[in-house]
Amino acid sequence: MRNFKLTELNEQAIQYIAVGAAVLGTGGGGDPHIGKLMAKEAIRKHGPVRVVSPEDLEDDALVVPISMIGAPTVMNEKIPSIQQMIKPLDMIEKELGRKVSAIMPIEVGGGNSLVPVITAAERNIPIVDADAMGRAFPESQMVTFYLDGIDCSPITMADERGNGVLMHAIDGVWEERMARAVTIQMGGSASICDYPVTGAQVKQSAIPHTLTLAYEIGKTLFESKELKQNPIEMLLKQLNGYALFQGKAVDIRRRTEGGFTRGEAIFEGTDAKKGSTMTLFFQNEFLLATEDGHSMAITPDLISVLDQDTGMPITTENLKYGARVSVVGFPCDPKWRSPKGLETVGPQYFGYDAPYVPIEKLATEKGGAE
């Protein structure tokens, strides 16, 4: 049990969570800057947002995740409106015939951890300190609720024009197929509510206290700078992480395909890594890191890119040629290492010809795995 738990989100907490969630978001999960600006504005307008721990939810409470779906490239240019955030929630309440007790993030990504804050502030309801990934993933079925067989329906979506869509899917895989097609028709990004769950299901299936974790990560990165400590060393110690590579971005290939941002980023090593090359493969999120052809970290373990000087996370969209970075990795939640977890988010699902090897094992094998 953690010693510290968030009970309220104010503007300072949003500042920390935006940074911490961008680390856990592994390069994706939405733009943290846009999410931060919108969440701060909502708090200035409506006041701090209450945070409820999963264990404090009533078993029959109705908890609804809300997030943005689509390509980060599009979302950076098409900032959602408040009405677009509220509409899917209104639609799901109408379909279920009852009011929502609390909102929760579906993933703890830079932007998607803060989208629920905006909605919670507008509706004056609490946000749950939990999510359904413990990181960010690109597809709708890649949630612990899917692993535990929880119904994803009803699903509601909205765009900035006022369009709304209500769907019922037989499972998360079909939800992804239908929601992605709708997202493309909505211009490449949309707001979405899915997996309406009870308090009991949140306790059973969600990954708890991830907003608190994001807050603590952000606080560490900001405070280490003030204390003149190495932020990356502090972060690795805090999360039991691994320093994978240090280098300079020399090539970034980014393309929008099927409602996702896909591509590769290539880094030339510096200092101890001079003479080596790292390639990061991504589909919205960083999914595979190789050094000179050897795997160094593989989905579902977390891969993050940090500014070499400040330790601040860099998303796949904001990674620029010439950036000097540290690539780090962290173990994923154990749920993702189960057979169904690896079937859902393992390297074979994304088409990578590399077996999943836990990052702890890769770290002990000099040069990684072939």
Span per principal axis, largest first, for the Cα atoms of the stretch 60-143 (Å): 35, 26, 21
For the stretch 82-168, accessible area per residue (1.4 Å probe, heavy atoms of protein chains only), Å²: 29 Å²
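Given the Cα-Cα distance of GLU268 and ASP90 and 0.36 nm per residue of separation, how much length would full extension add, in nm?
Working: separation 178, 0.36 × 178 = 64.08 nm, distance 4.92 nm.
Extra length available between GLU268 and ASP90 comes to 59.2 nm.
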Rough spin-label spacing in nm, given labels placed 7 Å along Cα→Cβ, for THR310 and LYS99: 4.2 nm
Pair THR7, VAL173: separation of 7 Å Cα→Cβ label points (nm): 4.6 nm
Residues listed by number, the stretch 322-351, amide nitrogen under 17 Å from ARG255 label point at 7 Å toward C-beta: 351
Gap separating the Cα centres of the stretch 34-68 and the stretch 218-242, nearest whole Å: 26 Å
Of all accessible heavy-atom area on the stretch 98-252, the percent that carbon and sulfur account for (1.4 Å): 50 percent
Debye intensity ratio I(q)/I(0), log10, the stretch 153-238, q values 0.11, 0.16, 0.20 Å⁻¹ (C-alpha model): -0.56, -0.79, -0.88
Value in Å of the Kirkwood radius, where the stretch 202-351 supplies the Cα pairs that are averaged: 16.3 Å
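For a Förster distance of 25 Å, can you work out the FRET efficiency between the beta-carbons of LYS45 and LYS225, rounded to the nearest 0.05? Mind dumping the intermediate values first?
On the way: r = 30 Å, r/R0 = 1.20.
Here the calculated transfer efficiency is 0.25.
With a ≥ b ≥ c the root eigenvalues of the C-alpha gyration tensor of the stretch 1-140, is it rounded (a/c under 1.5), prolate (a/b larger than b/c) or oblate?
Rounded.
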Projected-area mean, the chain, by convex hull of Cα positions, square nanometres: 16.7 nm²
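The values are calculated or read from the model by the stated rules, or taken from the named source; none is laboratory data. These figures come from a predicted structure and were not determined experimentally. FYI the Cβ positions are ideal-geometry reconstructions off the backbone, even for glycines, and counts take in every protein chain you see. All accessible areas refer to the heavy atoms of the entire protein, side chains included, with ligands and DNA or RNA removed. Shrake-Rupley method; radii C 1.70, N 1.55, O 1.52, S 1.80 Å.
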